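Take a look at the structure set out below.
Where a number appears in this text, it was derived from the coordinates with a stated rule and is not lab data. Just so it is clear, the model here is predicted, and its values are computed rather than measured. Using ideal geometry, Cβ is built from the backbone for each residue, glycine included, and neighbour counts are taken over all protein chains shown.
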Amino acid sequence: MSPAEKVKQPPSPRPRPKTPPPGSEPPGRSGGAWVRRTWWMPWLLGSAVVAAAAAMIVQWVSVPDSVQSWDEVQLPTSSHQVVYEVTGKGRSPEIRFVTDGVAATEVVSGQELPWSKEFTLEVGPGLGVVQVMASNTGESDSVSCAIKVDGVVVHQATAPGEFAAVSCSSVIRPGSD
């Protein structure tokens, strides 16, 4: 060895940077670790775009040639024969029933039993409601009600005891016969 090589150099005021171990990087630097953790994101976004495009194509293909206006749309309606019946002995202090299939009611007070009411109900495009409620006095040991729609009993009930109350109700779908 030469004498020049044996002379030791003083340490540098700036030490050389150490290389970090593989897989760890100092905070704040972008690099391979972030890419390795999010490799699936482009696949997810691409799948979402393909699914949206497929849905748009299916919708475009399934649209009829002539789109109808609201004036041409026929919503279902139907007409039904409704019969309310209340049976028991004596008088009913109050009988209440739905008349329009939605919310309008009529009240009959002090009615002699048995009692019935028959009418035609137009239903549609929404559902139609039929309901009758009645009570009895101390003259009777029970009170009963029944609802017939187009000749078919759709609901019947009995309330036992004096001063009892009974209710019958049902829903009519438009277009149902």
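The figures follow:
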item	result
Qualifying residue in the stretch 95-107 (condition: aliphatic (A, V, I, L, M), over 30 Å from residue 75 (Cβ atoms), exposed (fewer than 14 other Cβ atoms within 10 Å of the Cβ) and out of contact with any Pro (no Cβ under 8 Å at 6 or more places or on another chain))	yes
Residue check, residue 71 free of Cβ contacts under 8 Å to residues at least 24 places away in the same chain and under 16 Å from residue 171 (Cβ atoms)	no
Residue match in the stretch 117-126 (condition: among the hydroxyl-bearing types (Ser, Thr, Tyr) and more than 16 Å from residue 173 (Cα to Cα))	no
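Rundown of residues vs (1) outside any loop (DSSP other than H, G, I, E, B); (2) touching a helix residue (DSSP H, G or I) at 6+ places or on another chain (Cβ under 8 Å); (3) more than 20 Å from residue 167 (Cβ to Cβ), yes/no style:
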| site | (1), (2), (3) |
| --- | --- |
| 57 | yes, no, yes |
| 93 | yes, no, no |
| 97 | yes, no, no |
| 126 | no, no, yes |
| 145 | yes, no, no |
